[in-house]
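Notes to accompany the following structure.
The values are calculated or read from the model by the stated rules, or taken from the named source; none is laboratory data. Nothing here was measured: the structure is a model prediction, and the numbers come from that model. So basically every Cβ, Gly included, is an ideal-geometry build from the backbone, and we count neighbours across all protein chains shown. Heavy atoms of the whole protein, side chains included, go into the accessibility calculation; ligands, DNA and RNA do not. Shrake-Rupley method; radii C 1.70, N 1.55, O 1.52, S 1.80 Å.
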Amino acid sequence: MALNLATGQWGGGWLIRSTAHEGQGGDVGAGTDGADIANWEALSAKEALSILEVENPADNLPDISSEISFPGPKAEAFYWSDDDVVGIQGPVGSGKTTTLMKSRLRRAVMMPRSMSELYALVNGFWQPISKAEATSYRDQGYEVAGIRRYKVLFIRETYRQLWSTTIPSYLETFPKGMGTWSGGRGDPVTHVIRFEDEYGPIEFTAEFMAFGDDIIASMRGVQTTDIVLNEMDTMPVEILTVGIGRIDRYPAREHFAGLPINLQSYGQIVGDFNAPDEDNWTFTVFHDEEQRITMGEQLSAELPDGVDPIVIQFYNQPGYGEEGCENTQNLSPSYYPRQIASMKLAGRGDMIKRLVRNKITYLKVGDPVWEDEYNSRIHVSDEPLVPEPRIPLRIGLDQGFKGAAVIAQYMPTHRWRIYAELHMPKKRLMAVAFGKLLADLLDEKFPNHRVEFGLGDMAGEHGSSTAADENSTWNLLVGRTAGFSVRPQRIGTNRIQPRLEAVRAMLDAPVERGQPGLLIDPSCKFLIRGFEARYVWAEEIDKNGDKRKVPNKQFTEANVHDALQYLTLSEHRADGTSPQSFPGAPGQRGSARPPHPGNLKGQPGLNTRYDILNPYGD
């Protein structure tokens, strides 16, 4: 069985040739008379194929050395990569999965040949011989070569995922009839294809397994050459950390004995995925080039001399609408517009950004509180913001074991600039510990800036059970440790409506001289994530049994948004108005302090305590 050198472009289908017309590549029915065709018309497809004599379909594998059509340059570079961990990201329909499947054949063909399991080409056929016989066969003029044994393991969390997505994609490139297929739907599957090329015989083995709930137990004992992680962003990061020890385990070491040391290692973890959420491990591993290099160096530290270092490589295809968008030549002109239209109808603009534009986004967990007011193109800076040296910093704080801080400046033009945030949701921090981290952040990013004040949650004024001084509060401990005064934000008596209005005023402020009312540094991931997808509405039932919508505190981004609200309230008056409400009104100053909460007008003497935000005194 020879590797077909004339099949042409991949994706054109696998030719099935009758033995009576070998090499002609004509119609399947060639060589049959009209009676045969008439008889076949009464048969089902399965019955017809069972009686048709067909040459081994593996003969129709394409020649990887001939010209192959690729979706685009990113996919082509991905196809030829032999790096240890390789990922490709692209929009739907970009051809990344098909390219991944095709690249497995290339990896099989380029597997180093065995030095111990030998074959001789006798009368046009490769037949096994022993190492002792090799010299004799060579002396007789026969070509002798080692077999190449390659195994690839396709992994998903469940067998349903394997059979619904991964296996159909695989069978588009490697139909069952090309080899021996064992295993049924819903179970592990093995597909073995044997073929030859001009350099000797090749055994290609594909296995499919689901790891279920226990990755470590499922992967125990696995020995393979490569691992394929189809839709790898849907899997936990443990599949990478465990899988790295399972590749390069097949074939056995005897296969490589005698080869140069740099050729004695042949294994790869490869995967494809759409644009992930920034919390996803694929973003951390692949999008940060410095992190990729560092991880590669750490993994290579214990390798023996002469072994090639471990490399983590990433290929990112352009999204739809960008120059160089790949595989459009194989898609209809309406493919992406239909995708966009259907996602808009479903109200999933975030999916358009992720699946069509191939942009990193945040998956919505509900209806964002600021969906109508917030626009990332307006309210998030393209470049890191630089603080104004003459304007002091203000800090908004939300108390608790998962405390949050937002560091900002209020500009004389009544504009907020948010420079940094501090929030560590995976840790439970006492007030003093949080204060130390905040002090470190201020020293690192704002070494020459004065902090005017901090504004915190009123709940932070309650006594701390962990403090030695019974009068110490969370606000007091954080401020004392970080080196600035923290006072509670009393405007609105901590009701949510005034806090939301304070932020809304900043978001709705007109853009003046190119400057919006609120501009956020791109490093503020929790704040941005909350605005875009995770600071969302939830339904709450009040004491009267009535439903009302309130921000959902289930997600950690709510802590950072609370800190922002306490901060922006510092430029709100107790009657709910802000500099944006009446920008030309007298007495509005960037450094103005909020009036005492006991006097809504900010004037001495008696007052009616009428609050326009709460006219009924609820």
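If we scan the range 563-572, do we find a residue that is surrounded by fewer than 20 Cβ atoms within 10 Å (Cβ to Cβ) and modelled with pLDDT of 90 or more? Reasoning before the result, please.
Keep residues of the range 563-572 that are surrounded by fewer than 20 Cβ atoms within 10 Å (Cβ to Cβ), which gives none.
No: the range 563-572 contains no residue that is surrounded by fewer than 20 Cβ atoms within 10 Å (Cβ to Cβ) and modelled with pLDDT of 90 or more.
Taking the range 228-251 as the search range and keeping residues that are outside any loop (DSSP other than H, G, I, E, B) and in contact (Cβ under 8 Å) with a residue 60 or more places away in the chain, which one is most open to solvent (accessible area, probe 1.4 Å)?
Quick first cut of the range 228-251, residues outside any loop (DSSP other than H, G, I, E, B) only: 228-230, 232-234, 238-243.
Applying the additional criterion that residues be in contact (Cβ under 8 Å) with a residue 60 or more places away in the chain yields 228-230, 232, 234, 239-240, 243.
Details: Val228: 1, Leu229: 1, Asn230: 8, Met232: 1, Thr234: 72, Ile239: 3, Leu240: 18, Gly243: 0 Å².
So, considering only residues that are outside any loop (DSSP other than H, G, I, E, B) and in contact (Cβ under 8 Å) with a residue 60 or more places away in the chain, the one most open to solvent (accessible area, probe 1.4 Å) is Thr234.
Can you give me the ranges of the helices (runs of 4 or more DSSP H) entirely in the range 366-482 with at least 3 residues that are touching a Gly at 6+ places or on another chain (Cβ under 6 Å) and not basic (Lys, Arg)?
Values: elements: 376-379, 431-445, 474-482.
Answer list for the range 366-482: 474-482.
Restricting to the range 252-279, name every residue that is open to solvent by 10 Å² or more (accessible area, probe 1.4 Å) and under 10 Å from the mean Cα position of the chain (by Cα).
Correct list: Asn274, Asp277, Glu278, Asp279.
Of the residues Trp163, Trp126, only one is modelled with pLDDT under 95, buried (at least 16 other Cβ atoms within 10 Å of the Cβ) and closer than 23 Å to Asp272 by Cα; which?
Trp163
Counting only residues that are among the aliphatic types (A, V, I, L, M) and within 19 Å of Trp416 (Cα to Cα), which one in the range 358-385 is most open to solvent (accessible area, probe 1.4 Å)? Don't jump to the end; show me each part of the working.
Initially, the range 358-385 is screened for residues among the aliphatic types (A, V, I, L, M), giving 360, 363, 365, 369, 378, 380, 385.
Filter once more, keeping what is within 19 Å of Trp416 (Cα to Cα): 378, 380, 385.
On the way: Ile378: 75, Val380: 23, Leu385: 37 Å².
Among those residues, the one meeting the criterion is Ile378.
For the structure I just gave you, tell me whether Gln399 is crowded, with 16+ Cβ neighbours inside 10 Å, under 20 Å from Val550 (Cα atoms) and in contact (Cβ under 8 Å) with a residue 24 or more places away in the chain.
Numbers: crowded, with 16+ Cβ neighbours inside 10 Å: yes; under 20 Å from Val550 (Cα atoms): yes; in contact (Cβ under 8 Å) with a residue 24 or more places away in the chain: yes.
In short, yes.
For Arg160, state whether it is within 28 Å of Phe211 (Cβ to Cβ) and among the charged types (D, E, K, R). Even if it seems obvious, please write down each step before you answer.
Values: within 28 Å of Phe211 (Cβ to Cβ): yes; among the charged types (D, E, K, R): yes.
The answer is yes for Arg160.
With respect to the numbered conditions (1) open to solvent by less than 20 Å² (accessible area, probe 1.4 Å); (2) under 20 Å from Gln264 (Cβ atoms); (3) over 27 Å from the mean Cα position of the chain (by Cα), which one is the sole condition not fulfilled by Ala120?
Only one criterion is unmet by Ala120, namely (2).
Condition test on Glu326, is it surrounded by fewer than 17 Cβ atoms within 10 Å (Cβ to Cβ) and either in contact with a strand residue (DSSP E or B) (Cβ under 9 Å, 6 or more places away or on another chain) or among the acidic types (Asp, Glu) (or both)? Outline the logic, then answer.
Working: surrounded by fewer than 17 Cβ atoms within 10 Å (Cβ to Cβ): no; either in contact with a strand residue (DSSP E or B) (Cβ under 9 Å, 6 or more places away or on another chain) or among the acidic types (Asp, Glu) (or both): yes.
It is false that Glu326 is surrounded by fewer than 17 Cβ atoms within 10 Å (Cβ to Cβ) and either in contact with a strand residue (DSSP E or B) (Cβ under 9 Å, 6 or more places away or on another chain) or among the acidic types (Asp, Glu) (or both).
For the range 330-354: of the residues being touching a residue at least 60 places away in the same chain (Cβ under 8 Å) and surrounded by fewer than 19 Cβ atoms within 10 Å (Cβ to Cβ), which is nearest to Ala275 (Cα to Cα)?
Residue satisfying both the conditions and the ranking: Asp350.
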